[in-house]
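Here's a structure for you.
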Ligand SMILES: [Zn+2]
């Protein structure tokens, strides 16, 4: 009888642990979404945050909260693509 109670508690604890893990995942996702929303709410930068080059006004108006010039943005995206699929594209 004691064993059964112990087992039940374990299951319940496992379930609670699972729920807590899901909740912390959801919190992490919410934090990222909030950060992205904040970035979008930011005014576009006049100069690239990476290299300091002036960002053309058309680009600033096209992309809300833009922080990088097209050169740095392209470099960053290429880097991210390589990071996601290492060795997939050697270009
Ligand atoms: Zn730049």
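FYI, it's all coordinate maths here, none of it is from the lab. These numbers come from a predicted model, not from an experiment. All Cβ positions, glycine included, derive from the backbone under ideal geometry; neighbour counts span all protein chains shown.
Would you mind calculating the relative contact order of the stretch 44-84 from Cα pairs under 8 angstrom and at least 6 residues apart, reporting the percent as a whole number?
Value for the stretch 44-84: 39 percent.
Here is a follow-up. If you stretched the chain out fully between residue 21 and residue 46, how much longer would it get, using 0.36 nm times the residue separation minus the C-alpha to C-alpha distance? Please list the in-between numbers first.
On the way: separation 25, 0.36 × 25 = 9.00 nm, distance 4.11 nm.
Result: 4.9 nm gained on full extension.
Using a Förster distance of 30 Å, how high is the FRET efficiency between residue 38 and residue 12, based on the Cβ-Cβ distance and rounded to 0.05? If you can, show how the numbers build up before the last one.
On the way: r = 38 Å, r/R0 = 1.28.
With a Förster radius of 30 Å, E is 0.20.
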